[in-house]
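Asks: Handing you this structure, nothing more for now.
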Amino acid sequence: ELITSYVFNQVENIRFNSTVGKYVGYTELGLKNAEAWNKGSVLAQELGELERYCKPNAAIAYSNVL
């Protein structure tokens, strides 16, 4: 599971969660930005990072934990 959080002044504004598959806003500004990011290329870039980095390395990280 990939989670990317955007925090300002100790307040989480936006979070990308790979389980949900989109950005979620938690503040007024975060809601507006999440809506824009989910429609644009930012979401595609985040999903690309999930496929490029996270999925291939998940088995390696899991085996190191065990």
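Asks: Report, ordered by chain and residue number, the aspartates and glutamates lying within cross-link reach of LYS32, taken as a straight Cα distance under 16 Å and ignoring same-chain residues fewer than 8 apart.
Replies: Excluding near neighbours in sequence, the set is GLU12.
Asks: Among [x] 10.2, 28; [y] 13.6, 41; [z] 11.7, 36, which one is Rg and Dmax of the Cα atoms in Å computed from these coordinates?
Replies: Label of the calculated value: [y].
Asks: Please compute the per residue accessible area over the chain with all protein chains in place, 1.4 Å probe, rounded to a whole number of Å².
Replies: Details: 4950 Å² over 66 residues.
That works out to 75 Å² for each residue.
Asks: If you roll a 1.4 Å probe over segment 3-64 with all protein chains in place, what percent of the accessible area is carbon or sulfur? Don't jump to the answer; show the numbers that get you there.
Replies: Working: 2540 of 4490 Å².
Of the solvent-accessible surface of segment 3-64, carbon and sulfur hold 57 percent.
The values are calculated or read from the model by the stated rules, or taken from the named source; none is laboratory data. These numbers come from a predicted model, not from an experiment. The area values use the complete protein model at the heavy-atom level, side chains included, leaving out ligands, DNA and RNA. Shrake-Rupley method; radii C 1.70, N 1.55, O 1.52, S 1.80 Å.
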